[in-house]
Amino acid sequence: MGSTDSKQKLGERVIAARRKLEDDMKLQSERAEDLMAKSPKTMKFILSSIESSFENYAPFLEPTLLIAWKADKDKCKNIVVNACKKVLSAPIMPDEYDWFKQYVIPSSIWMFKSKDDRFMFEDLMDIAQNMSLNIIQSMDSVYAHLKKHEKWNQLMAIKEETSVSRQDDKKVGLLQDKGIMDVADIKDDDEKMAQLQTFIDSHAAINALTVSAKTIDREFQNYVKTMMGRYGTFKAAPMKKVERCLSKLENDYASEQYPKSAKLLDLVRCSVTFNTLEQLIQGFDAIKTHVDSSQQSMKLARVKNGFLDPDYVGGYRDIKINVIFHSAMHPEIKMICEIQLILSQFLHEKKRIHKLYSIAREETYFQMVVMAQKAATNTTDVKKLKFEPVLDVSRDVTAAKSVKGKCSIDSASGLLGIEDDNRNFLVYNMDQKKVIFQHALSFTAYTDMTRGGFSHEWIEWQGRKHVSVQTEPHIIRTFAVAGGFSEVESLRITLPDTDAINFCAFDKQSNRIFMVRNKSLLEERSLQDVKSVAKSIKLEQQIGTSNLNPLSLTQDGAWCAIGGGQGRNYFYLIDIAKNTQYKLVTTTLGNGHGKGGVIPCFINGKAKFVAIGGAKGKFEIWDVKTRKACKFLACTKEGSINCLSSKNNILAIGNTKKTLNLWDVRDWQMFYEKETKVEPTSIHLSEDSKYLTVSGWNGEKCLVFKTNSV
């Protein structure tokens, strides 16, 4: 299936990189030891040689770079990082960038750790993000200047419209073949059939689209060039690559109806660049006039005016026009194609930022290689973890008056999110040791968490770090970390005043948000369009009030577990993809406890096992496939379990006896226990297990532990 294929390709690349890393590290160590013993001056010479290579953008062999790293880790890091900054600074020179892509990016050095306990790729990502921010600010300045233009109102008068948004629309007629559509009619709930349907969507359907695209591409480009050549600079764009099509299906169109590939509207595309705003408006009017008068060749499908949203985060703006192109050379083919109308001021910066985004997209790859490295060398080390308290909020963060909601750290940035019971959401910078952002909450978090609480999430969106937080019972806001936590208006979710968002969670890729609404509905929304509900599942029975967080989501967003609420001994297990819910009753945990009932948590974020915490320190492990409890366990203290978190083979548990317990989920042995002054109501493990955060009633309010896992 599509997501499986793209993930498989990435996985294969990661495996190959991991093998290369192991070989490189072994070879590096052996050669470095020999050289240090027999010829230390040669080590210095190699370091100096690499420095010259990077200063002059000269070709080099990777083993030389790896030996240089062994000679002087700090100096080698500075050589590499400084070269990256120079290459990626404006103007980006093609020959320097090609050198960087050919010799530097493929190196294993990015998976090495420097003395500051950071991987080299983390510095590369910081450079790319900071450079991107500068470009975005430059493009925002262009946008601000355009607002003063005498033609600005005419630009704002170009409204967005959509008449056709899928290639399988009757007005287009693609992807209607029986070989594609017959699979859509299969009613079998078998998982293999669902996988087969996804396979057809991401292979046969995309193949059909690329054949049509290839057939009409040259004709379409010539047609638009003839039509638009006198208004601006025409440029034919290459057809969208199959890999990018698969990525779009997996990320942008995951919630669309079958075939999802029908949403791919830009396989055939081109651009027209204009020097002035007047020319751009004239070009748009020319296309509209032509489309309106065209009898056969071209009809309007969609207009997207990127200049309309003043709060858009990303800098680059253009006008995209999708048209239904009817081929004259191949009359049997109609296809939605795309024409981009671009101002030259934005085009230059777009080229720069595209290179930076191509680097930023490598972050997932680097992280997976590092995770593979840990898995290969540290598979049994969870019991050896050491936990060092690095922050006591009651002592160190005076702005946090009372903490009863969620606290969590984003490891990459070192930022701690705090849901203060004093009607505030705070962001504390662990390095700077100060609060750097504060936003009012319109509800007191702990009075009833089913009207908001435990809501904030650190997410990656469009290659940038954001934090999402519920600020009112019916509103979720998202803020871009870079640039001072400005709100991204396009990501704001607003329900009617009479509705409430009870709990929410994001999938790991930050593509979708899932919300419990009015205690009775589970809603899914795509971040591509948060205004629309992609899926809604009505719970068999409304959940009760809860002062804890009864919502758990698998990393892929395929399954969800929701506790029944105060005094209720059941929870819902929901197969989101199949719209199927199971109401499961525990017979050993009683009715949970007064604050929140039974509390669920998927083990390692996977849809294999789910832990259910209840009263007297007891918890059960349920098999998701059989939907039966398979293990019955208990903590040493008999306090009711308030919160659970599970990542990287660890299950963390907090209970009313003010105790933190950590379990190894591979053998279900408890390997760590610590008494606290705070009564935990929320517990959070960072994705890399670098930080453990415990927050709740009284005492320390929130404790942050740093582990030796990274």
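Would you confirm whether any residue within the range 586-603 is surrounded by fewer than 20 Cβ atoms within 10 Å (Cβ to Cβ) and at pLDDT 85 or above? No; the residues of the range 586-603 include none that is surrounded by fewer than 20 Cβ atoms within 10 Å (Cβ to Cβ) and at pLDDT 85 or above. Can you say whether Thr636 is open to solvent by 20 Å² or more (accessible area, probe 1.4 Å), free of Cβ contacts under 8 Å to residues at least 24 places away in the same chain and in a loop (DSSP other than H, G, I, E, B), as far as the supplied structure shows? No: the conditions fail for Thr636. Of all residues in the range 85-116, those satisfying the criterion of being over 16 Å from Arg361 (Cβ atoms), open to solvent by less than 50 Å² (accessible area, probe 1.4 Å) and not hydroxyl-bearing (Ser, Thr, Tyr) are Val87, Ile92, Glu96, Trp99, Val104, Ile109, Met111, Phe112. In the range 130-137, is there at least one residue being open to solvent by 30 Å² or more (accessible area, probe 1.4 Å), free of Cβ contacts under 8 Å to residues at least 24 places away in the same chain and hydrophobic (A, V, I, L, M, F, W, C)? Among the residues of the range 130-137, not one is open to solvent by 30 Å² or more (accessible area, probe 1.4 Å), free of Cβ contacts under 8 Å to residues at least 24 places away in the same chain and hydrophobic (A, V, I, L, M, F, W, C), which makes the answer no. If I ask for residues that are farther than 24 Å from Ala71 by Cα, free of Cβ contacts under 8 Å to residues at least 12 places away in the same chain and either in contact with a Cys (Cβ under 9 Å, 6 or more places away or on another chain) or not basic (Lys, Arg) (or both), which ones from the range 99-129 would you list? Hit for the range 99-129 is Asp126, nothing else. Scanning the range 666-688 for residues that are surrounded by fewer than 20 Cβ atoms within 10 Å (Cβ to Cβ), at negative phi and not in a strand (DSSP E or B) returns Arg666, Asp667, Thr676, Lys677, Glu687, Asp688.
Residues that are open to solvent by 20 Å² or more (accessible area, probe 1.4 Å) and aliphatic (A, V, I, L, M) were ranked within the range 287-325; the one that is modelled with the lowest pLDDT is Val313. The residue that is surrounded by the fewest Cβ atoms within 10 Å (Cβ to Cβ), among those in the range 138-148 that are at pLDDT 85 or above and in contact with a helix residue (DSSP H, G or I) (Cβ under 9 Å, 6 or more places away or on another chain), is His145. Would you pick out the residues in the range 524-557 that are open to solvent by less than 30 Å² (accessible area, probe 1.4 Å), under 24 Å from Lys406 (Cα atoms) and more than 19 Å from the chain's Cα centre (by Cα)? Listed by number, the residues that qualify are Ile543, Gly544, Ser546, Asn547, Leu548, Pro550, Leu551. Checked against (1) out of contact with any Leu (no Cβ under 7 Å at 6 or more places or on another chain); (2) modelled with pLDDT of 90 or more; (3) open to solvent by 80 Å² or more (accessible area, probe 1.4 Å); (4) within 21 Å of Glu122 (Cα to Cα), Phe45 passes all but a single condition, namely (4). The residue pairs whose first member lies in the range 138-163 and is in contact (Cβ under 8 Å) with a residue 24 or more places away in the chain, whose second member is exposed (fewer than 11 other Cβ atoms within 10 Å of the Cβ), and whose beta carbons are closer than 9 Å, counting only pairs six or more residues apart or on different chains, are Tyr143/Pro310. Here the range 205-228 is the region considered, the condition is being closer than 22 Å to Ala286 by Cβ and hydroxyl-bearing (Ser, Thr, Tyr), and the residue that is farthest from the chain's Cα centre (by Cα) is Thr226. Cys245 fulfils the conditions (1) part of a helix (DSSP H, G or I); (2) open to solvent by 20 Å² or more (accessible area, probe 1.4 Å); (3) modelled with pLDDT under 90; (4) hydrophobic (A, V, I, L, M, F, W, C) except for a single criterion, (2).
The rows are residues; the columns are (1) open to solvent by less than 10 Å² (accessible area, probe 1.4 Å); (2) more than 30 Å from Gly463 (Cβ to Cβ); (3) hydroxyl-bearing (Ser, Thr, Tyr).
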residue	(1), (2), (3)
Met515	yes, no, no
Asn518	no, yes, no
Trp559	no, no, no
Ala577	no, no, no
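Of the residues making up the range 388-406, those that are part of a strand (DSSP E or B) and open to solvent by 30 Å² or more (accessible area, probe 1.4 Å) are Glu388, Pro389, Val390, Lys404.
Scanning the range 64-76 for residues that are surrounded by fewer than 21 Cβ atoms within 10 Å (Cβ to Cβ) and either more than 16 Å from Ser39 (Cβ to Cβ) or touching a strand residue (DSSP E or B) at 6+ places or on another chain (Cβ under 7 Å) (or both) returns Lys73, Asp74, Lys75. Residues in the range 478-504 that are more than 20 Å from Gly315 (Cα to Cα), open to solvent by less than 30 Å² (accessible area, probe 1.4 Å) and either part of a loop (DSSP other than H, G, I, E, B) or modelled with pLDDT of 95 or more (or both): Ile493, Leu495, Asp499, Ala500. When residues in the range 407-417 are screened for being open to solvent by 20 Å² or more (accessible area, probe 1.4 Å) and either within 16 Å of Asn547 (Cβ to Cβ) or part of a strand (DSSP E or B) (or both), 0 of them pass.
Taking the criterion of being at pLDDT 90 or above and within 19 Å of Cys601 (Cβ to Cβ), the residues of the range 687-710 that qualify are Tyr691, Leu692, Thr693, Val694, Ser695, Phe705. Report yes if some residue within the range 559-572 is in a loop (DSSP other than H, G, I, E, B) and more than 25 Å from Pro680 (Cβ to Cβ); otherwise report no. No, the range 559-572 contains no residue that is in a loop (DSSP other than H, G, I, E, B) and more than 25 Å from Pro680 (Cβ to Cβ).
Evaluation of Glu256 against the conditions (1) assigned to a loop (DSSP other than H, G, I, E, B); (2) farther than 20 Å from Ala301 by Cβ; (3) open to solvent by 60 Å² or more (accessible area, probe 1.4 Å) shows that the sole unmet condition is (2).
Would you call Thr471 at pLDDT 90 or above, of a type in the set (Ser, Thr, Tyr) and under 30 Å from Thr656 (Cβ atoms)? Yes; evaluated as a whole, the condition is true for this residue.
The values are calculated or read from the model by the stated rules, or taken from the named source; none is laboratory data. Keep in mind the model is a prediction, meaning the values are calculated, not measured. Every residue, glycine among them, receives a Cβ derived from its backbone with ideal geometry; neighbour counts consider all protein chains shown. Side chains included, ligands, DNA and RNA excluded: accessible areas come from the protein's heavy atoms. Shrake-Rupley method; radii C 1.70, N 1.55, O 1.52, S 1.80 Å.
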